[in-house]
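Okay, structure first, notes after.
Coordinate-derived values only; no laboratory data. Bear in mind that the values here come from a model prediction, so they are computed numbers and not experimental data. All Cβ positions, glycine included, derive from the backbone under ideal geometry; neighbour counts span all protein chains shown.
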Amino acid sequence: MSNQGLSRRTVLFSAAGMAATVPGLATMPSDARDTWTTDDAFEAYVKMRGSFSTEPLYWWYKSITYGQMGREIKPLVALELAAFSQYELNSDGTVTATTREVGYFLSLDNGEVLGTWRNPYTGKLIEMGHIKGGPRQLLITPDGLRGVGGLPEGSKFDLSFRPPFVVADHVYIMEEAHGTIVSVTRNENGDEVTRDFQTDEFTTFSAPLAEVVDASLPTAPSTRFAFHNMLG
């Protein structure tokens, strides 16, 4: 079989799932801890953030939302969210991700789903609007990630990732996003209103080096730690 005109990224994607039986499949050297090429970094980022397979991926996270007035910071609500995504390799070597997500705001006191919540700054009782997002499409390139479909009109953001680095046989990649997210919410009268939220997000992905450089694996499940700063 000839592979003329195919990048290593394309070969990796095409052979995912059967690579263990394909001799000579290109792979990043396991000791390439400080010599990541642009392609290596991109492949690591896709594997740790998503996959080079079209099989659905599932992940979830838990977080706490804090409010800040002046120098005072206080916890407000908890959030649990589950996301579902699929990744597809494009002819130019980029990757398109289609994502969906659902989430619920929870009480910090007992973990129950919140139907209403009293804003400690205004004293107003708010009917909680839980999260149901997608499908959204994101284009992943060696320069970063951008939204290409399904985002609320007027939303825009820039997302980039930094070169991988290795500590104690784990790969770490840092990602940051800055932009405006348009959200439809309800005011105190129950009417729908559109608000622009300025967001800054910083996320660190970590995964075992052996899984990241193993060309027989289309994905390298990662642990994520994220900090989101949102102003509205």
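A cut-off of 5 Å between modelled amide H atoms, ignoring neighbours fewer than 5 places along the same chain, links S155 with V182. Excluding same-chain neighbours fewer than eight residues apart, the lysines reachable from K124 by a Cα-Cα span under 25 Å are K74, K132. A cut-off of 5 Å between modelled amide H atoms, ignoring neighbours fewer than 5 places along the same chain, links V171 with A207, L209.
Where in region 198-224 is the amide nitrogen less than 16 Å from a point lying 7 Å along the Cα-to-Cβ axis of S160? Zone members listed by number: 200-203.
Residues of region 83-124 falling in the label zone of I64, defined by backbone nitrogen less than 12 Å from a point 7 Å along Cα to beta-carbon, are 108-109.
Taking label points 7 Å from Cα along the Cα-to-Cβ direction, E72 and K124 give a separation of 1.9 nm.
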